[in-house]
Amino acid sequence: GGGEIMDSDFIRRVAGGSALALLLIAAAAFYLADLQGTLGVLAGGGVALGNLVWLRAGSHRALRLFGGGRVHPLWLLSLGVRHLSLFGALGLLLWSGFIHPFGVIVGLSVLPPVVVVQGLRAAVRNQ
């Protein structure tokens with residue numbers, strides 16, 4: 001797709017690149033650290049990817065709602081639910097003790113550079 005900021009092809013490329021990077025980093029974490037670090041990387045990456053998919057769905061709704069000049073109150077509520085869900089998932093994962101906090105940070109950090117690289121690739125391709 002060409003015109004949309006978060007079109008399906010872009011999301012697919014970001015998710016695929018992030019998943020590949022997460023698997024490689026998780027393997028390195030298992031070799032260098034332990035299972036808790038590996039699970040932390042995978043959990044953080046999973047939360048980041050889930051947030052990306054949720055953001056894409058929300059961005060389409062937001063464009064539709066803002067296009068009419070009004071914001072629907074339920075859309076604003078969904079923003080709060082998304083944030084509470086993500087923070088709750090991270091809190092439960094960390095509280096459980098099954099994952100290492102540093103691994104979670106590493107997993108969460110994988111998505112932004114992949115988004116930048118894929119965004120730059122898309123920009124060059126669309127010139």
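The values are calculated or read from the model by the stated rules, or taken from the named source; none is laboratory data. All values derive from a computational prediction rather than experimental measurement. Cβ: placed from backbone, ideal geometry, glycine included. Neighbour counts: every protein chain shown. Ligands, DNA and RNA are stripped out before the accessible areas are found, and what is left, the full protein with its side chains, is counted by its heavy atoms. Shrake-Rupley method; radii C 1.70, N 1.55, O 1.52, S 1.80 Å.
Scan region 29-43 for residues that are part of a helix (DSSP H, G or I) and surrounded by 14 or more Cβ atoms within 10 Å (Cβ to Cβ) and the total you get is 10.
Scanning region 51-97 for residues that are among the polar types (S, T, N, Q) and modelled with pLDDT of 85 or more yields ASN51, SER85, SER96. Of all residues in region 72-84, those that are in a helix (DSSP H, G or I) and among the polar types (S, T, N, Q) have Cβ atoms under 9 Å from Cβ atoms of residues that are modelled with pLDDT under 75 and open to solvent by 80 Å² or more (accessible area, probe 1.4 Å), 6 or more apart or on another chain, in SER78/ARG61.
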